[in-house]
Amino acid sequence: MKRRTLQYSRFLALLLVFALMVGVVSAQGDRKVLVDAGNAVGASDVPTLDPSLATDTSSIQVLIETNPGLTRINEVTLETEPSMATWTVSDDGLVYTFSIMPEVPWVKYNAETDAVEQVLDENGNVRYVTAEDFAYGIRRSIGGQLGSYYGGIMASWVVNGDAVYAGELPVEELGVEVLDTYTLQITASKPAAFLSTIFGMWQAYAQPAWVIEEYGDFWYEPESFQGYGPFTLKEWIHGESITIIKNPFWPGTENIPVPALDEVKMMVLEASAALANFEAGAADVSIVPLSDIDRIQADPVLSEAYYVGPGSCTYIYGINTAKPPLDDARVRQALSMSINRQALIDNVTKGGQQPAFFFARPSLAAAPHQEDYPEYVLGEDVEVARELLQSYLDERGITLDQMEPITLAHNESEGHARIAQAIQQMWTEALGITVEIQTQEWAVYLETIKSDDAPQVFRYGWCLDYPDAHNFLFDVFDSQVRELGINWNNEDAAEFDSLVEQAMVEPDMQTRTDLYAQAENLLTNKDAAIIPIYYYTSLNLTQPWVQRTHSQFGQEYFEKWDIDLSARP
Amino acid sequence: MTSNLKRSTAAAAIPGLNAETKPESLWRSSVQRLTRNRSAVVGLAIILLTILVAVFAPQLAPMDYKTQVLSDANTAPRWVTQVFPVMRPADDGGYVKINETYLLGADRLGRDLFSRIIYGTRVSLMVAFVGPLVALIVGLTLGLVSGYVGGWVDNVIMRFTDIMYAFPTLLLVILLMSFFRSSLGNVEPGTFAFQVGELDRASGGMLFIFIGVGLTSWMQTARLTRGQVLFVREQEYITAARAIGSPTWPILTRHILPNILGPIVVAETLTIPRYISFEAFLSFIGLGVNPPTPSWGAMISEGAGAISTYPNQAIFPALALFLVMFSFNFLGDGLRDALDPRMRGIE
Amino acid sequence: MGAFIVRRMLQMLLVLFVISLFTFVVMRAVPGGPFSSEKSLPPRTLAQLEAKYNLDEPLVMQYIHYIGDIAIPHITENRLENSVLNDYLINIYIPVVDRTFRWMNFGPSYKSVSQTVNSIIKDTLPVSATLGIGALLVALVIGVPAGIIAALNRNSRWDYIAMGVSIVGVSIPVIVLGPVLRYVFGVQLKWLPPTGWGGIEHIIMPAFALGFAESARLARLTRASLLQVLNEDYIRTARAKGLAERVVVGLHALKNAMLPVVTTIGPLFAFLITGSFVAELVFGIPGLGKFFVTSITNRDYPVIMGTTLLLGFLVIVANLIVDVVYVWLDPRIKYD
């Protein structure tokens, strides 16, 4: 009898513990808190939340929710749409006038009351986001001498931008003018189709001058951070997580609705740790580690949660066209033609990527689709590749063994290593050449591939800043800005420059696309100065109780997401 | 072999003095004692076997270590899927394609795991020997001198050890590598840098792993040796030997060294996996052997990323490592017993 | 003894100075800079950043300024501009002159832009130290008793079991053990959260993953050392005197056998509390190890310098404590 009582009390104690645990869970359970192990993955910390200094996807992911820009990119169509403002453009395409949404308050999370509060000015009035705040942000990015990367990008598009950036002109000379409280006018230095997108990027977000003046370099820490978007910053545990909380004062617009989620906690995790959290039910969204794709696809539960959509980057091999034997276009073409891209995707990269023959992703505005221009596509053909190589060897009067050895370099990462080793084997099998793989530590590698003495073949990837072909073809390969050591300086390269520069200012979309197609032809086909390999996909896992959108450009819009609490275990 | 009883009946002779009268017999009897220790002999046999495997890898491996059959990537024979229940075969609603050609399965690029483990023996054994070798040559010497001589010499050596302890070796390895991996740099053929780079390439990228391992290996040994010497130095037989005016060197080699070797040998054998892990860590951050050269460390660290999907790719090389570790430890224990002068006459 | 400790502390300053110089030279000789990235900065942007962090000065001046910021105390206004460039570790208000005494500014982080070396260490060192102490406890609690049991029952079943387990432990790298633990206890059994930091439930797996291998090392070291000591004359004498085995082992043998173990624990402690890159990555722990390794790959110069000096400081202090413990364990050892 006594023993039974003991067991009974043990059972009760256990029950109590369970009840407590359930209590804890349900206390969180009635709020919609999304745990996101998919958007800050890999980094040791989110580097910054200063819109002027942000350059990486995780920083921008937070800012896009806390400080929406004048315009923003639709995550599905990749078109530029109104965000904090609507706009008109003058007939010459130079003057952009933005009408900013009135009476959107600046807000701040108060840790003591655990609530988001409106920010008051020194007179006790609510501070609304004004044209002045946007102008301050732009002037700070371009003229603040902060070493702002995207401030520098934007500077070349705004009147006097370059001079202000260099400190040669005072910041007041910048082509940014506050017409009234809610009207901002930006005068461009030259017209371009994608300016409304550039003016909506993070370096042009509204910034709280009063906070920055008081808190200096630390202004965007949670103690002082102020935002105005659908979410604002709640907590930042450096190296572990960053949490944003719903802003109840956000009015909601057609494009940026009032969020359904109460909080989003973005975890800083390495990929397989993210997946472990997802499988344990501790994360609602996760990225997908390459090694686990097979299991995920076969697993009845995980395969339901698995999503593959278009990504935002292109994977290429650059070629140093100054180093023999790759100083001859035929050898370069042979290398490109003897890569079996689909086999690579099916067996190595696995994420349903698209084989690439052009550099600019097809989803970008004005980017040519490779199937529309078959005459410009180099394609894959091992036989032709062998003939090309043979004709090169014959011309030099040497045998394959006498040809200079080829080095293929990549920065260290498991994924790059797999691809390089597979391509190494493809080249050996198709052409009989020996290829040595060299890996380098990241920072060393960057220096290596940006020097004229770059390795013969080297891995590179490019992700979009704004969805226009210009961001790929001009920003990476135009000789004015080109840094990759491909040493591509012949007359084709000069023609490439003139084509992409012409396409930059050309208003007609079809003409632009044609110009870019001709440029792609020179870069990837005729001269084969680079070998495009595949277009990235974006892979993720989402729990069944999360309703979401899938972004094609690297950041998610959480205000369009929801959690079905009744379906959540 | 309960040795308590035997130990109490052991000769009460002072071991140090004994050794001085008949110095050769100390080492010879050590060898005898080692060969009489069964587990040590087994350990030694396995290590010798592993060395043979490393030397005759091309003859032993059923396949080439670098040939990829992409369509066979991540396939495994059925018995592997039965050992690891996570790996459900594709014909059983799972994802693992069954392929009996590969004894232990194929890796993520369709290369034979078994052959890669066999070839990987080369790098891993080299690392396992180079680490302790540097540690014993540099660490033991510095520790002996430091502990025995004492005074400012001790102080200087130990502070140098402190410096090397704290110094970020990783940084130095990155520096050396970027400087010497010349095919990517601006190094002229014929220069020293070029030759070092060539040497590295000829060794499949092992050179810098050795440098890294060598740099990190000796400090602990030096401190441990010094601690042991400090302890032994004050023992009666050493004070006696010094009192009768024996010169320093014989005291060090005949009296002190044999008395301190036990823990040091054990510590060294225990540190071998740390060297191999260091090699794995270097591979992990991209400073390891050049692909496709296999090494256990690199295989383990690559496989670890897929451990919940293809556990065989990390566990099998880890088992190989375990086997070698086991042998080194048995041998280490045997050596310890054999080298301990006080154990003489016990067996 | 007191004089010995004071002298060693003074030597420590010299050693730290040499470490800083070494590290600085090697760090700056390595190719790649803190602002390299896939989309590399245009020269004009780079120039602004270099000016902001004084990287445009000659190298010698940069080093002198760096050491000066750390070593030279400053008496400043009470309120400084909120800048990552003037975050001092020690700030003491002096009422008499109404100014503030400041000392030890280890500089900003170039990568985590609103962080300084001081703030990173303040945030992460407690995390890593907690984990490190946990791992050390695991190592000691498993390792030392296992070693003693094995030594006292030499060549018995217990010896083989203890040593067998320890070889298993030492042969499995954290990079394998960590994910396996995480998968089994975090994902399959759901007994523990797979990653994260905050509660005792978060410490168990990483502390075990880190401590298990070390426990194996300690077990074998304890065994070897104890076996050696058990053969010493004074132990035999003690036994001959008819002292109880427990007293012989507990009082005499164990104390002396701990010498090599203590030698190992010193630096081990320093390494464990400065964090483990792999364990922190596998278990999503915001510790110092992650920042240290990424600072090297990022060329985040002040963070490299700061964490190296911290590690150096801890190693030296740990070794000093070891030397003091030597004297306590074996009074025959003297430092002159």
*Cα Rg, Dmax, chain A, angstrom units*: 26.6, 100
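Could you compute how fast segment B:232-329 diffuses translationally, taking Rh as the Kirkwood radius over C-alpha pairs and applying Stokes-Einstein at 37 °C with viscosity 0.692 mPa s? Give it in µm² per second.
The diffusion coefficient I find is 198 µm²/s.
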_Of the GluC sites (Glu not before Pro) in segment C:1-85, those whose Cβ has at most 16 other Cβ within 10 Å and which sit in DSSP loop_ = C:GLU38, C:GLU77, C:GLU81
_Cα-centred dipole magnitude for the protein assembly as shown, charges only on beta-carbon of K, R (+1) and D, E (-1), debye, nearest 20_ = 9040 debye
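Kindly state, as a whole number, the per residue volume in cubic angstrom of the convex hull around the alpha carbon atoms of chain C.
Details: hull volume 66.6 nm³, N = 336.
Looking at chain C, the number lands at 198 Å³ per residue.
Below 8 Å, C-alpha to C-alpha, sequence gap of six or more: please give me the relative contact order for chain A in percent.
Details: 1141 pairs, mean separation 105.8, N = 569.
Taking the mean separation of contacting Cα pairs over the length of chain A, I get 19 percent.
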*Distance from the Cα centre of segment A:265-320 to that of segment C:20-72, in angstrom?*
37 Å
*Would you calculate, for chain C, the mean residue ellipticity at 222 nm contributed by helices, counting each DSSP H stretch of 4 or more residues as -39,500 (n - 2.57) and dividing by all residues, to the nearest 500?*
-21500 deg cm²/dmol
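Could you grab the relative contact order for chain C? Cα pairs under 8 Å, six or more apart, rounded to a whole percent.
Numbers: 434 pairs, mean separation 72.7, N = 336.
Relative CO of chain C lands at 22 percent.
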*What range in chain C is the longest one free of trypsin sites (Lys or Arg not before Pro) that are in a loop by DSSP and have at most 10 other Cβ atoms within 10 angstrom?*
C:80-240
*Descending principal axes extents, segment A:309-537, alpha-carbon based, whole Å*: 52, 37, 33
*Calculate for chain A the 222 nm mean residue ellipticity that helices alone would give, adding -39,500 (n - 2.57) per DSSP H run of length 4 or more and normalising by residue count, nearest 500 deg cm²/dmol.*
-9500 deg cm²/dmol
*asked:* Please compute, for the alpha-carbon atoms of segment C:2-74, the extent along each of the three principal axes and give them in descending order in Å.
replied: 57, 28, 17
*Most mobile of C:VAL84, C:VAL60, C:VAL97 per a Gaussian network model of chain C (Cα springs, under 10 Å)?*
C:VAL97
*Which entries in the list C:LYS111/C:LYS290; A:LYS246/C:LYS111; A:LYS108/A:LYS246; A:LYS323/A:LYS450 go over 19 Å, if you measure between the two C-alpha atoms of each?*
A:LYS246/C:LYS111
_Spatial separation of Cα centroids for segment A:151-209 and segment C:197-226, in angstrom_ = 57 Å
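Filter the GluC sites (Glu not before Pro) in segment B:199-270 to those in DSSP coil with at most 15 other Cβ atoms within 10 Å of their Cβ, and list the result.
Details: sites: B:GLU234, B:GLU236, B:GLU268; in loops: B:GLU234.
Hits after loop and neighbour filter: B:GLU234.
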*Rounded to the nearest 20 Debye, what is the dipole magnitude of segment A:309-537 about its Cα centre when Lys and Arg each give +1 and Asp and Glu each give -1 at the C-beta?*
640 debye
*Post the alpha-carbon centroid distance, segment A:58-125 to segment A:464-489, in whole angstrom.*
30 Å
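Return the inverse of the average 1/r over all pairs of distinct C-alpha atoms in segment B:22-103, which is the Kirkwood hydrodynamic radius, in Å to one decimal. Walk me through the intermediate numbers first.
Details: mean 1/r = 0.0590 Å⁻¹.
That comes to 17.0 Å for segment B:22-103.
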*Along the three principal axes, how long is segment A:200-291 when you take its alpha carbons, biggest first, rounded to the nearest angstrom?*
47, 34, 23
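Calculate how large, on average over all directions, the projected area of the Cα convex hull of segment A:413-569 is; give the answer in nm² to one decimal. Could you put the intermediate results ahead of the total?
On the way: hull surface 55.5 nm².
About 13.9 nm², averaged over all directions.
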_Using Cα-Cα distances under 8 Å and only pairs 6 or more residues apart, what relative contact order does segment A:309-537 have, in percent?_
39 percent
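Suppose we look only past 52 Å in the calculated P(r) of the protein assembly as shown. What percent of the Cα-Cα pairs does that tail hold?
Working: 237008 of 783126 pairs.
That tail contains 30 percent of the Cα-Cα pairs.
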*What helices does chain C have that are whole DSSP H segments, at least 30 Å long along their own axis by Cα, and with mean Kyte-Doolittle hydropathy of 1.0 or more?*
C:2-29, C:117-152, C:301-329
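Values quoted throughout were computed directly from the atomic coordinates according to the rules given, and no laboratory measurement underlies them. Quick caveat, the model's predicted, so the values are computed rather than measured. Heads up, the Cβs are rebuilt from the backbone with ideal geometry, glycines too, and the neighbour counts pull from every protein chain shown.
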